[in-house]
Amino acid sequence: MKKATRLLEENGITKDSNIDILLLPEMAFTGYHFDNREDIRELMESEEGPTFQWCKETSLRLGCFVAAGFPLLTKENGVEKWYNALCFVSPEGKLITNYAKHFLFETDKTWADAGSDFLTVKDEKLGTIGFGICMDINPKEFLDYSLYEFSNYYSEKNVDLIIMLCNWLDPNIPSSEDPTLQTMGYWFGRLKPLHRKNVSIAFCNRVGLEKGTLFVGASCVMNLKRPPAVIVNSIPWKQKEGVLVCEY
(Lines give C-alpha, C1' and ligand atoms only; values in the text may rest on other atoms or scores of the structure.)
Protein backbone atom coordinates (compact mmCIF):
# COMPACT_ATOMS: atom_id res chain seq x y z
CA MET A 1 0.00 0.00 0.00
CA LYS A 2 2.89 2.32 0.73
CA LYS A 3 4.29 1.55 -2.72
CA ALA A 4 0.98 2.44 -4.41
CA THR A 5 0.82 5.71 -2.50
CA ARG A 6 4.44 6.45 -3.39
CA LEU A 7 3.86 5.78 -7.09
CA LEU A 8 0.98 8.25 -7.11
CA GLU A 9 3.11 10.85 -5.34
CA GLU A 10 6.11 10.31 -7.64
CA ASN A 11 3.87 10.79 -10.67
CA GLY A 12 2.42 14.00 -9.31
CA ILE A 13 -1.12 12.69 -8.83
CA THR A 14 -2.94 15.08 -6.49
CA LYS A 15 -6.45 16.45 -6.07
CA ASP A 16 -5.50 19.18 -8.54
CA SER A 17 -4.95 16.47 -11.19
CA ASN A 18 -8.76 16.17 -11.47
CA ILE A 19 -8.65 12.39 -11.76
CA ASP A 20 -12.07 10.80 -12.25
CA ILE A 21 -11.20 7.16 -11.54
CA LEU A 22 -8.12 5.45 -10.11
CA LEU A 23 -7.68 1.72 -10.80
CA LEU A 24 -5.37 -0.80 -9.16
CA PRO A 25 -4.98 -4.40 -10.40
CA GLU A 26 -6.66 -7.61 -9.30
CA MET A 27 -5.51 -8.72 -5.82
CA ALA A 28 -3.61 -5.45 -5.69
CA PHE A 29 -1.89 -5.75 -2.30
CA THR A 30 -1.68 -9.50 -1.61
CA GLY A 31 -0.17 -11.26 -4.60
CA TYR A 32 -2.05 -13.80 -6.67
CA HIS A 33 -0.62 -17.32 -6.26
CA PHE A 34 -1.89 -19.33 -3.27
CA ASP A 35 -1.76 -23.09 -2.80
CA ASN A 36 -4.99 -23.41 -0.80
CA ARG A 37 -7.24 -21.57 1.63
CA GLU A 38 -4.82 -21.95 4.51
CA ASP A 39 -2.17 -20.25 2.38
CA ILE A 40 -4.33 -17.14 1.94
CA ARG A 41 -6.39 -17.20 5.14
CA GLU A 42 -4.40 -14.50 6.98
CA LEU A 43 -4.76 -12.16 4.00
CA MET A 44 -8.53 -12.42 3.64
CA GLU A 45 -10.36 -9.14 4.26
CA SER A 46 -13.80 -7.94 5.25
CA GLU A 47 -15.68 -5.30 3.25
CA GLU A 48 -14.07 -2.65 5.44
CA GLY A 49 -10.61 -4.22 5.54
CA PRO A 50 -7.21 -2.75 4.61
CA THR A 51 -7.88 -2.48 0.87
CA PHE A 52 -11.14 -0.60 1.41
CA GLN A 53 -9.45 1.68 3.95
CA TRP A 54 -6.67 2.52 1.47
CA CYS A 55 -9.25 3.17 -1.27
CA LYS A 56 -11.30 5.33 1.08
CA GLU A 57 -8.33 7.45 2.17
CA THR A 58 -7.09 7.78 -1.41
CA SER A 59 -10.52 8.67 -2.83
CA LEU A 60 -10.92 11.43 -0.24
CA ARG A 61 -7.38 12.71 -0.84
CA LEU A 62 -7.68 12.77 -4.63
CA GLY A 63 -11.42 13.41 -4.95
CA CYS A 64 -12.00 10.47 -7.31
CA PHE A 65 -13.52 7.02 -7.61
CA VAL A 66 -11.13 4.19 -6.69
CA ALA A 67 -11.27 0.48 -7.59
CA ALA A 68 -8.87 -2.17 -6.33
CA GLY A 69 -8.80 -5.96 -6.20
CA PHE A 70 -8.67 -7.86 -2.90
CA PRO A 71 -9.54 -11.23 -1.29
CA LEU A 72 -12.98 -10.86 0.31
CA LEU A 73 -14.22 -13.11 3.12
CA THR A 74 -17.92 -12.68 3.75
CA LYS A 75 -21.09 -14.59 4.58
CA GLU A 76 -24.16 -15.07 2.41
CA ASN A 77 -27.24 -16.64 3.99
CA GLY A 78 -25.01 -17.81 6.81
CA VAL A 79 -22.54 -19.50 4.45
CA GLU A 80 -18.89 -18.38 4.38
CA LYS A 81 -17.75 -17.17 0.97
CA TRP A 82 -14.19 -16.58 -0.21
CA TYR A 83 -14.04 -14.23 -3.20
CA ASN A 84 -11.46 -12.80 -5.54
CA ALA A 85 -13.17 -9.42 -5.48
CA LEU A 86 -12.86 -5.72 -6.17
CA CYS A 87 -14.18 -2.78 -4.23
CA PHE A 88 -15.44 0.39 -5.91
CA VAL A 89 -15.33 3.49 -3.74
CA SER A 90 -16.86 6.94 -4.35
CA PRO A 91 -14.99 10.28 -4.23
CA GLU A 92 -16.67 10.75 -0.83
CA GLY A 93 -14.99 7.60 0.49
CA LYS A 94 -18.16 5.49 0.46
CA LEU A 95 -18.27 1.88 -0.70
CA ILE A 96 -20.46 1.77 -3.81
CA THR A 97 -20.17 -1.97 -4.40
CA ASN A 98 -18.02 -5.05 -4.20
CA TYR A 99 -17.84 -7.32 -7.22
CA ALA A 100 -16.79 -10.98 -7.00
CA LYS A 101 -14.98 -12.59 -9.95
CA HIS A 102 -17.55 -14.64 -11.85
CA PHE A 103 -15.35 -16.89 -14.02
CA LEU A 104 -12.45 -18.41 -12.08
CA PHE A 105 -9.00 -19.10 -13.52
CA GLU A 106 -7.15 -22.22 -12.39
CA THR A 107 -5.10 -20.16 -9.92
CA ASP A 108 -8.30 -18.91 -8.25
CA LYS A 109 -9.77 -22.37 -7.85
CA THR A 110 -7.33 -23.33 -5.10
CA TRP A 111 -9.19 -21.03 -2.70
CA ALA A 112 -11.93 -18.83 -4.22
CA ASP A 113 -15.66 -19.24 -4.72
CA ALA A 114 -17.15 -18.00 -8.00
CA GLY A 115 -19.24 -14.84 -7.90
CA SER A 116 -22.87 -15.29 -8.88
CA ASP A 117 -22.95 -13.04 -11.98
CA PHE A 118 -21.55 -9.97 -13.67
CA LEU A 119 -22.58 -6.60 -12.21
CA THR A 120 -23.50 -3.04 -13.15
CA VAL A 121 -24.05 0.12 -11.12
CA LYS A 122 -25.30 3.53 -12.20
CA ASP A 123 -23.68 6.85 -11.44
CA GLU A 124 -24.89 10.33 -12.39
CA LYS A 125 -21.45 11.34 -13.67
CA LEU A 126 -20.07 8.10 -15.15
CA GLY A 127 -23.30 6.50 -16.40
CA THR A 128 -23.77 2.74 -16.27
CA ILE A 129 -20.60 1.00 -15.11
CA GLY A 130 -19.75 -2.68 -15.52
CA PHE A 131 -17.03 -4.66 -13.77
CA GLY A 132 -14.77 -7.56 -14.59
CA ILE A 133 -11.76 -9.34 -13.15
CA CYS A 134 -9.28 -10.91 -15.57
CA MET A 135 -10.68 -14.38 -16.50
CA ASP A 136 -14.19 -12.91 -16.75
CA ILE A 137 -13.47 -11.72 -20.30
CA ASN A 138 -12.68 -15.29 -21.44
CA PRO A 139 -15.30 -17.92 -22.25
CA LYS A 140 -16.29 -19.83 -19.12
CA GLU A 141 -13.73 -22.60 -18.45
CA PHE A 142 -12.25 -21.75 -21.91
CA LEU A 143 -14.85 -24.10 -23.38
CA ASP A 144 -16.43 -22.21 -26.27
CA TYR A 145 -14.76 -19.18 -27.84
CA SER A 146 -17.85 -18.45 -29.92
CA LEU A 147 -19.55 -17.39 -26.69
CA TYR A 148 -19.01 -13.88 -25.42
CA GLU A 149 -20.69 -14.13 -22.03
CA PHE A 150 -18.95 -11.08 -20.53
CA SER A 151 -19.40 -8.66 -23.41
CA ASN A 152 -22.90 -9.89 -24.29
CA TYR A 153 -24.00 -9.23 -20.72
CA TYR A 154 -22.66 -5.68 -20.77
CA SER A 155 -23.99 -5.04 -24.28
CA GLU A 156 -27.47 -5.93 -23.07
CA LYS A 157 -27.02 -3.62 -20.07
CA ASN A 158 -25.97 -0.70 -22.34
CA VAL A 159 -22.96 0.16 -20.22
CA ASP A 160 -20.97 3.34 -20.72
CA LEU A 161 -17.81 2.18 -18.96
CA ILE A 162 -16.28 -1.17 -17.95
CA ILE A 163 -13.65 -1.41 -15.22
CA MET A 164 -11.41 -4.44 -15.72
CA LEU A 165 -8.79 -5.39 -13.10
CA CYS A 166 -6.34 -8.13 -14.05
CA ASN A 167 -3.43 -10.36 -13.15
CA TRP A 168 -3.09 -11.34 -16.82
CA LEU A 169 -0.18 -13.65 -17.63
CA ASP A 170 2.42 -13.10 -20.29
CA PRO A 171 1.31 -15.29 -23.25
CA ASN A 172 4.79 -16.86 -23.40
CA ILE A 173 4.15 -17.93 -27.00
CA PRO A 174 6.87 -17.50 -29.65
CA SER A 175 5.68 -14.61 -31.80
CA SER A 176 7.04 -11.68 -33.74
CA GLU A 177 4.33 -9.53 -32.17
CA ASP A 178 4.97 -7.64 -28.95
CA PRO A 179 3.19 -9.55 -26.14
CA THR A 180 1.54 -6.41 -24.79
CA LEU A 181 0.05 -5.62 -28.21
CA GLN A 182 -0.89 -9.27 -28.63
CA THR A 183 -2.73 -9.15 -25.30
CA MET A 184 -4.58 -5.93 -26.12
CA GLY A 185 -5.61 -7.43 -29.46
CA TYR A 186 -7.01 -10.49 -27.69
CA TRP A 187 -8.96 -8.33 -25.23
CA PHE A 188 -10.41 -6.34 -28.12
CA GLY A 189 -11.50 -9.54 -29.86
CA ARG A 190 -13.30 -10.77 -26.76
CA LEU A 191 -15.35 -7.54 -26.73
CA LYS A 192 -16.92 -8.22 -30.14
CA PRO A 193 -20.59 -7.69 -29.06
CA LEU A 194 -19.60 -4.21 -27.84
CA HIS A 195 -17.84 -3.13 -31.05
CA ARG A 196 -19.27 0.09 -32.53
CA LYS A 197 -20.93 0.96 -29.22
CA ASN A 198 -19.97 4.09 -27.32
CA VAL A 199 -18.31 2.13 -24.54
CA SER A 200 -14.95 2.72 -22.88
CA ILE A 201 -13.14 -0.08 -21.09
CA ALA A 202 -10.20 0.45 -18.75
CA PHE A 203 -7.83 -2.48 -18.22
CA CYS A 204 -5.51 -2.30 -15.22
CA ASN A 205 -3.06 -5.20 -15.27
CA ARG A 206 -0.18 -6.25 -13.12
CA VAL A 207 3.48 -6.34 -14.16
CA GLY A 208 6.54 -8.26 -12.98
CA LEU A 209 7.13 -11.74 -11.54
CA GLU A 210 5.50 -13.78 -8.77
CA LYS A 211 6.64 -17.32 -7.98
CA GLY A 212 8.12 -17.65 -11.47
CA THR A 213 5.03 -16.33 -13.25
CA LEU A 214 5.45 -13.28 -15.50
CA PHE A 215 2.55 -10.86 -15.90
CA VAL A 216 2.19 -9.02 -19.20
CA GLY A 217 1.17 -5.51 -18.16
CA ALA A 218 -0.55 -3.89 -21.16
CA SER A 219 -2.77 -1.64 -19.01
CA CYS A 220 -4.81 0.46 -21.41
CA VAL A 221 -8.05 2.30 -22.07
CA MET A 222 -10.05 1.43 -25.19
CA ASN A 223 -13.00 3.19 -26.76
CA LEU A 224 -15.04 0.73 -28.81
CA LYS A 225 -17.16 3.19 -30.80
CA ARG A 226 -15.09 2.88 -33.97
CA PRO A 227 -13.48 -0.40 -35.02
CA PRO A 228 -10.68 -1.07 -34.69
CA ALA A 229 -10.88 0.13 -31.11
CA VAL A 230 -9.20 3.41 -30.34
CA ILE A 231 -6.61 2.68 -27.70
CA VAL A 232 -6.73 5.98 -25.88
CA ASN A 233 -3.52 5.25 -24.03
CA SER A 234 -1.50 2.28 -22.79
CA ILE A 235 1.59 1.21 -20.87
CA PRO A 236 3.66 -0.87 -23.33
CA TRP A 237 5.83 -2.79 -20.88
CA LYS A 238 5.58 -5.80 -18.59
CA GLN A 239 8.37 -5.33 -16.06
CA LYS A 240 8.23 -1.69 -15.00
CA GLU A 241 5.61 -0.36 -12.61
CA GLY A 242 3.97 2.91 -13.56
CA VAL A 243 0.92 5.14 -13.53
CA LEU A 244 -1.11 5.51 -16.72
CA VAL A 245 -3.11 8.74 -16.99
CA CYS A 246 -5.48 9.29 -19.91
CA GLU A 247 -8.75 10.89 -20.95
CA TYR A 248 -11.36 8.41 -22.15
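The values are calculated or read from the model by the stated rules, or taken from the named source; none is laboratory data. Nothing here was measured: the structure is a model prediction, and the numbers come from that model. Note: ideal-geometry Cβ built from the backbone for every residue, glycine included; neighbour counts use all protein chains shown. Heads up: the accessible areas ignore ligands, DNA and RNA and are worked out on the full protein's heavy atoms, side chains in. Shrake-Rupley method; radii C 1.70, N 1.55, O 1.52, S 1.80 Å.
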* Taking GluC sites (Glu not before Pro) as candidate sites, keep only those in a DSSP loop with at most 11 other Cβ atoms within 10 Å, then name the longest stretch of the chain containing none of them. => 178-246
* Asked: What residues have an amide H closer than 5 Å to that of Ile96, excluding those fewer than 5 places away on the same chain, when H is modeled at 1.01 Å from N in the peptide plane?
  -> Phe88, Val89, Ser90
* Cysteines of the chain lacking any other cysteine beta carbon under 4.7 Å? -> Cys55, Cys64, Cys87, Cys204, Cys220, Cys246
* Structure fact -> Long-range amide H partners of Phe131, meaning residues 5 or more apart or on another chain whose placed amide H is closer than 5 Å, are Leu119, Ile163
* **Cα-based reach from Lys192 at 22 Å (exclusive), listing lysines while leaving out same-chain residues under 8 positions away** => Lys101, Lys140, Lys157, Lys225
* Sites Glu38 and Lys140 - FRET efficiency at Förster radius 30 Å, r taken between beta-carbons, to 0.05 -> 0.65
* Asked: Between Ser146, Ser116, Ser46, which gets the highest mean-square fluctuation from a Gaussian network model of the chain, Cα cutoff 10 Å?
  -> Ser146
* Starting at the first residue of the stretch 194-207, write each ³J(HN,Hα) from the Karplus equation 6.51 cos²θ - 1.76 cosθ + 1.60 with θ = phi - 60°, in whole Hz, x for Gly and Pro. => 9, 4, 6, 9, 7, 10, 10, 10, 10, 9, 10, 10, 6, 10
* Anyone know which of Thr128, Thr213, Thr30 comes out most mobile in the 10 Å Cα GNM of the chain? -> Thr213
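Could you work out how much longer the chain between Arg61 and Lys157 gets when fully extended? Use 0.36 nm per residue separation minus the Cα distance between them, nm to one decimal. Don't skip to the answer; put the middle values down first.
Values: separation 96, 0.36 × 96 = 34.56 nm, distance 3.20 nm.
Full extension from Arg61 to Lys157 adds 31.4 nm.
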* To do: State, as an integer percentage, the relative contact order of the chain based on alpha-carbon contacts under 8 Å between residues 6 or more apart.
  => 14
* **Residues in the stretch 26-49 that a label on Glu80 would reach, taking backbone N under 11 Å of a point 7 Å out along Cα→Cβ** => 37-38, 41-42
* To do: Between beta-carbons, use under 13 Å as the cut-off and find the net charge around Lys125, counting Lys and Arg +1, Asp and Glu -1.
  => -4
* Can you give the accessible area per residue of the chain, in Å², using a 1.4 Å probe? -> 49
* Please work out whether the chain counts as rounded, prolate or oblate from its C-alpha gyration tensor, where a ≥ b ≥ c are the square roots of the eigenvalues and a/c under 1.5 means rounded, while otherwise a/b larger than b/c means prolate and anything else oblate? => rounded
